[in-house]
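Contents: one structure, followed by commentary.
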Amino acid sequence: MKKFTKALKSNITSGGSPVVDKNKGSDSSGCPPMEGLLLKKNAHGEWKKRHGKLKDTFFITCKPKHKKPTSEIKENIDLRDVASVGVFDDILEIEMHNGEMLLFMYDEKDAGGGDLNTWYDAMYQRHEWAKTQPGGQTRSRTISSGG
């Protein structure tokens, strides 16, 4: 398995469409907002479509409908509760402080969701910022039943 570190990531060129909407401005992190379609591996080993969004100290995923988010939140992850973020064999791995591992993959069918390298860079940057913020350790909610 190959793990990207931040030093290695800076030498990788990202492909795909941009996922940063510069018209929306920044949130309290100073990081540009980012969102798009991803695939998440559920408890049954199935890859399910998710609309992911990074905002402030949170990574929120919803069930998508026609490439747009619905109001059905599937994961509400406080990045202050994340122990590490890495990429292994084209899978974005988010390890929580409680040991839970969340696996995401770029949805190749979605040209508007960026690419895995773009998601990793954005997640890493926001995670580093979130670690400096007060709170965490009790706010994350993941829903893993069924899908």
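How do 81, 90 stack up against each other in accessible area, from largest to smallest, with a 1.4 angstrom probe? Before the final figure, lay out each step's value.
Working: 81 10, 90 110 Å².
From most accessible down to least: 90, 81.
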Open item on the list: If you count only protein heavy atoms and use a 1.4 Å probe, how large is the accessible surface of residue 50, to the nearest 10 Å²?
Closed with: 10 Å²
TODO: Determine the gain in length on full extension of the stretch residue 96-residue 44; use 0.36 nm per residue of separation and subtract their C-alpha separation, reporting nm with one decimal.
DONE: 16.8 nm
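Compute for the stretch 34-132: radius of gyration divided by Kirkwood radius, i.e. Rg/Rh, restricted to C-alpha atoms, rounded to two decimals. Mind dumping the intermediate values first?
Values: Rg = 12.4 Å, Rh = 13.4 Å.
Taking Rh as the inverse mean 1/r over Cα pairs, Rg/Rh reads 0.93.
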TODO: Anything over 20 Å Cα to Cα? Flag those among 63/109; 40/63; 68/131, in the order listed.
DONE: 68/131
TODO: Report, to the nearest whole %, how much of the accessible area of the stretch 34-132 belongs to carbon and sulfur atoms, 1.4 Å probe, protein only.
DONE: 50 percent
- [ ] Taking H placed 1.01 Å from N in the peptide plane, check which residues at least 5 places from residue 58 or on another chain put their amide H under 5 Å from its amide H.
- [x] 79
Open item on the list: Pairs of alpha-carbon atoms within less than 8 angstrom and 6+ residues apart define the contacts here; what relative contact order does the stretch 34-132 have, in percent?
Closed with: 25 percent
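The values are calculated or read from the model by the stated rules, or taken from the named source; none is laboratory data. Everything quoted here is computed from the prediction, not taken from an experiment. Surface areas here come from the heavy atoms of the whole protein model, side chains and all, with no ligands, DNA or RNA. Shrake-Rupley method; radii C 1.70, N 1.55, O 1.52, S 1.80 Å.
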